[in-house]
Amino acid sequence: QVYRNLGLNQSEIDKYFTGPAFLAWNRMGNLRRWAGPLPPAWHIKQQYLQYRIVERMRSLGMTTVLPAFAGHVPQGVLRVFPRVNATRLGGWSHFDCTYSCTYLLDPEDPMFQVIGTLFLKELIKEFGTDHVYSADTFNEMTPLSSDPAYLSRVSSAVFRSMTGADPVALWLMQGWLFQHEPDFWQPAQVRALLHGVPLGRMIVLDLFAESKPVYQWTESFYGQPFIWCMLHNFGGNHGLFGTVEAINHGPFAARRFPNSTMVGTGLVPEGIEQNDMVYELMNELGWRQEPLDLPSWVTRYAERRYGTASGAAGSAWRLLLRSVYNCTGVCVNHNRSPLVRRPSLHMDTELWYNASDVYEAWRLLLSAGTELGSSPTFLYDLVDVTRQAAQQLVSDYYLNIRRAFQSHALPELLTAGGVLVYDLLPELDSLLSSQSLFLLGRWLDSARAAATSDREAEQYELNARNQVTLWGPNGNILDYANKQLGGLVLDYYGVRWSLFVSVLVESLNSGRPFHQDQFNQAVFQVERGFVYNKKRYPAVPAGDTLEISRKLFLKYYP
């Protein structure tokens, strides 16, 4: 609305917004246009959804946070206002200027205040306000100058565009930029950006505090209030993971920090619907005076989760707690398992835990199947733990495949490759297909359900397929948001592994060396083919979870 009122035409607006699956990166100035444009119906549906969200939040006494103007603008602004001072930013991540390099309006240009204030006034008129606004001008984007005076002027201008519409505005800002680019954000630069806003009028999210807390090296954000946040998950990946010791002690250490300005705890995962236990734990810690006794907490957690006490389930959870859930040091939960990565001869199979703990937890959970089999949460966890065991097994078969290839042992290569491609991956796919939360069909159908026409449904499905695979037109951030879903394992990861094994076999047969770059070109066609295959996937589970997990166990338990 604001851009149209300022004189931009629809095609200029369409060239700016990304498709729905990538809007978060559009808001932070990283991406434009990719997987778009947004259909008119999208805006209308989002507006009505926003009314409902805001109304529900306020009815529960929650404070809503509205987005403010961060300074990124469509190129059309330069046509309408040719004198405006805007700079084209560089490409983001592995994207070139086709879909990146957005324009940043100079915060000292008068138009910055005009657009920023117009946008907030429009929002407040529509949705009311609880006076907290979010804006991230430099998320993974390097500022034009490291001069502290410039950085102060930028944050002061962003804040002024908020107070122009709401005199009591509070700015909520992600603190990710400080730990993401520490070479740029030295203490002087951090202080300058934070002090461009009056103390107490900005709240910083210490976004990755369980692994890379920023408050410790910024004297508690130089006096601005902050929220200790657990990020935990990148890309909505599946994979058992947690940093329970850091979570259990971190918030209390932050409260005790000299002159601490911590005002709360937060959860900021890129994707949820995985590792429920970690989120239960973090939510509980906000109400505690001191760290928990974790082994006894997790035993009670299993009891609450399944509705009844089970010795075997309690033991399984204590094993998971000390292994997969206890990553220490700087832990980044991005699933790098060979299962969900493009195959090569240099894949990472390192684990931060003892694999045998997961196999034993799998055995224990299966043994509780008779008493707990009617609990949906138990069946979900059984799939998740069996899936983790299968993921570990994929790494073992990969190492066998690599060893056989490097020692020119064709029979061993055929055996290991054959078991992986023709048995283990199909079995894993059928296990995942037995639980609705692990279905590709559910993921795609929920995207299609947002559409108001067949054409929109196609676009939304392509957004959903691209996000979990290529993440961009050319695999720009390939497998960043990988998921282990029934349908995806067979038709995407499985087909990739099948191609890899057959190329290695061909190489041994012909005596010609394996070339990764040639393989990458061939496998890209497979990956892209999946995004556009238009195949419908079931959104209703099939098969008996307990039975499939038992079958896998009897075949593969080491």
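The values are calculated or read from the model by the stated rules, or taken from the named source; none is laboratory data. Computed from a predicted structure; not experimentally measured. Cβ atoms come from the backbone with ideal geometry, glycine included; neighbour counts cover every protein chain shown. Please note that ligands, DNA and RNA were not included when accessible areas were found on the heavy atoms of the full protein model with its side chains. Shrake-Rupley method; radii C 1.70, N 1.55, O 1.52, S 1.80 Å.
Things to note:
- In degrees, nearest ten, helix 516-531 long axis to first principal axis of the chain (Cα): 80 degrees
- Summary: within the chain, the longest segment free of chymotrypsin sites (Phe, Trp or Tyr not before Pro) located in DSSP loops with at most 12 other C-beta atoms within 10 Å is 1-286.
- Across the options LEU504, GLY7, PHE530, the greatest Cα extent toward the positive end of the charge dipole of the chain (unit charges at beta carbon of Lys, Arg, Asp, Glu) belongs to GLY7.
- The trypsin sites (Lys or Arg not before Pro) of the range 130-219 include none that DSSP puts in a loop with a beta carbon having at most 13 other beta carbons within 10 Å.
- In the range 1-198, taking the dipole from charged Cβ atoms about the Cα centre, the farthest positive-side position among LEU60, TRP42, MET173 is held by TRP42.
- Here the range 1-198 is treated with +1 on each Lys and Arg Cβ and -1 on each Asp and Glu Cβ, and its dipole about the Cα centre works out to around 500 debye.
- Accessible area per residue for the chain is 43 Å², calculated with a 1.4 Å probe on protein heavy atoms, without ligands, DNA or RNA.
- Probe 1.4 Å, all protein chains present, accessible-area order of LEU144, LEU499, largest first: LEU144, LEU499
- Cα gyration tensor category, rounded, prolate or oblate, for the range 1-198 with a/c compared to 1.5: rounded
- Solvent-accessible area of ARG550, all protein chains in place: 100 Å² (probe radius 1.4 Å, heavy atoms, ligands and nucleic acids excluded).
- Calculated mean residue ellipticity at 222 nm for the chain: -15000 deg cm²/dmol, from DSSP H runs with n ≥ 4 weighted as -39500 (n - 2.57), summed, divided by the residue count and rounded to 500.
- Longest segment of the chain lacking GluC sites (Glu not before Pro) that sit in a DSSP loop with at most 16 other Cβ atoms within 10 Å: 351-558
- Anisotropy class of the chain from Cα gyration tensor, a/c 1.5 cut: prolate
- Relative contact order computed over the range 1-198 (Cα-Cα under 8 Å; 6+ residues apart), in percent: 21 percent
- Given +1 at the Cβ of Lys and Arg, -1 at the Cβ of Asp and Glu and no other charges, the dipole of the chain around its Cα centre is 780 debye to the nearest 20.
- Charged side chains reduced to their Cβ positions (Lys and Arg at +1, Asp and Glu at -1) give the range 200-292 a dipole of some 400 debye around its Cα centre.
- The range 200-292, accessible surface, carbon-and-sulfur percent (1.4 angstrom probe): 49 percent
- Dipole-positive endmost among LEU554, GLN467, PHE119 within the chain (Cβ charges, Cα centre): PHE119
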